[in-house]
1. Could you list all residues from the range 90-106 that are in a loop (DSSP other than H, G, I, E, B), in contact (Cβ under 8 Å) with a residue 12 or more places away in the chain and either within 23 Å of TRP39 (Cα to Cα) or open to solvent by 50 Å² or more (accessible area, probe 1.4 Å) (or both)?
2. Of the conditions (1) surrounded by fewer than 19 Cβ atoms within 10 Å (Cβ to Cβ); (2) in contact (Cβ under 8 Å) with a residue 24 or more places away in the chain, PRO148 fails just one. Which one is it?
3. Can you tell me which condition ILE141 does not meet? The list is (1) surrounded by fewer than 15 Cβ atoms within 10 Å (Cβ to Cβ); (2) out of contact with any helix residue (DSSP H, G or I) (no Cβ under 8 Å at 6 or more places or on another chain); (3) of a type in the set (Val, Ile, Thr), and all the others hold.
4. Among the residues of the range 147-171, what is the count of those that are within 13 Å of the chain's Cα centre (by Cα), over 22 Å from LEU17 (Cβ atoms) and not in a strand (DSSP E or B)?
5. Restricting to the range 107-118, what's the tally of residues that are assigned to a loop (DSSP other than H, G, I, E, B) and either touching a Ser or Thr at 6+ places or on another chain (Cβ under 9 Å) or within 22 Å of VAL22 (Cβ to Cβ) (or both)?
6. Sort through LEU127, LEU120, LEU157 and tell me the only one that's open to solvent by less than 10 Å² (accessible area, probe 1.4 Å), in contact (Cβ under 8 Å) with a residue 40 or more places away in the chain and touching a Phe, Trp or Tyr at 6+ places or on another chain (Cβ under 9 Å).
7. Scan the range 172-186 residue by residue and report those that are in a loop (DSSP other than H, G, I, E, B) and of a type in the set (A, V, I, L, M, F, W, C).
8. PRO121 fails exactly one of the following numbered conditions: (1) closer than 18 Å to TYR10 by Cβ; (2) modelled with pLDDT under 95. What is the number of that condition?
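The values are calculated or read from the model by the stated rules, or taken from the named source; none is laboratory data. Not measured: the values here are computed from a predicted model. Note that each Cβ is placed from the backbone with ideal geometry, even for glycine, and that neighbours are counted across all protein chains shown. With ligands, DNA and RNA removed, areas are computed over all heavy atoms of the protein, side chains included. Shrake-Rupley method; radii C 1.70, N 1.55, O 1.52, S 1.80 Å.
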Amino acid sequence: MLKKELRATYAQRRERLSHEQVSEASIALANQLLTLPIWNFDYYHLFLSITEKKEVDTEFVMSILQGKDKNIVLPKMSDNRSLLNYLLTDNTVIKKNHWNVPEPQDGIEVPTLKIDVVFLPLLAFDLEGNRVGYGKGYYDILLQQCRPDVVKIGLSLFEAEEKITDINPEDVPLDFCVTPQRIYSF
């Protein structure tokens, strides 16, 4: 399927979910994450969920990271389609931007090369580890700036599509994608 078709299909599928279904699926997904071999790293980049779009609720992932005393790095969208990365601290102020994306206002900036693991938002993904986001390219740019060995983990409420047919050369594939039911490894 084409990315445009997948965006429309999965936005509609999410819209049909209740907030309780999203919450239950997000808890199951977070429990799946515990079985991945990723817990010996230090810096974890985590997006904050857009509740209006019924994204995976990353509060549960954040709780795991905090419980394991990990450094949590939060993104802030900049005007040039890149992400600024800020360390989550007790003083971090979170506000929604004009797209309703919760993000830190400022703080301690973390160099992209320090990031060990990136949890990625997505609408859909395929069996080869390709992902479909909202189409702005923020995460593709971030991943190109990361170290080659950064671990890329998609978080999805739904299972994989067979194949995304219009992959671009700048699209960076996932290493894993975690759903409430299973873990895909690529």
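1. Of all residues in the range 90-106, those in a loop (DSSP other than H, G, I, E, B) come to 90-93, 97-101, 105-106.
Next, from what is left, pick out any that are in contact (Cβ under 8 Å) with a residue 12 or more places away in the chain: 91-93, 97, 99-101, 105-106.
Selection gives ASN91, VAL93, TRP99, ASN100, GLN105, ASP106.
2. (2)
3. Result: ILE141 passes all but (1).
4. In the first step, residues of the range 147-171 are kept if they are within 13 Å of the chain's Cα centre (by Cα); the result is 151-157.
Restricting the remaining residues to those that are over 22 Å from LEU17 (Cβ atoms) gives 151-152.
Retained after the next criterion (residues that are not in a strand (DSSP E or B)): none.
Of the residues in that region, 0 qualify.
5. Taking the range 107-118 first, the residues assigned to a loop (DSSP other than H, G, I, E, B) are 107-108, 110-111, 115-116.
The next check asks that each one be either touching a Ser or Thr at 6+ places or on another chain (Cβ under 9 Å) or within 22 Å of VAL22 (Cβ to Cβ) (or both); those that pass are 107-108.
Count: 2.
6. Values: LEU127 fails: open to solvent by less than 10 Å² (accessible area, probe 1.4 Å); LEU157 fails: open to solvent by less than 10 Å² (accessible area, probe 1.4 Å).
Being open to solvent by less than 10 Å² (accessible area, probe 1.4 Å), in contact (Cβ under 8 Å) with a residue 40 or more places away in the chain and touching a Phe, Trp or Tyr at 6+ places or on another chain (Cβ under 9 Å) holds for just one of LEU127, LEU120, LEU157, which is LEU120.
7. Step one: of the range 172-186, the residues in a loop (DSSP other than H, G, I, E, B) are 172-175, 179-182, 186.
Those that are in a loop (DSSP other than H, G, I, E, B) and of a type in the set (A, V, I, L, M, F, W, C): VAL172, LEU174, PHE186.
8. Every condition holds for PRO121 apart from (2).
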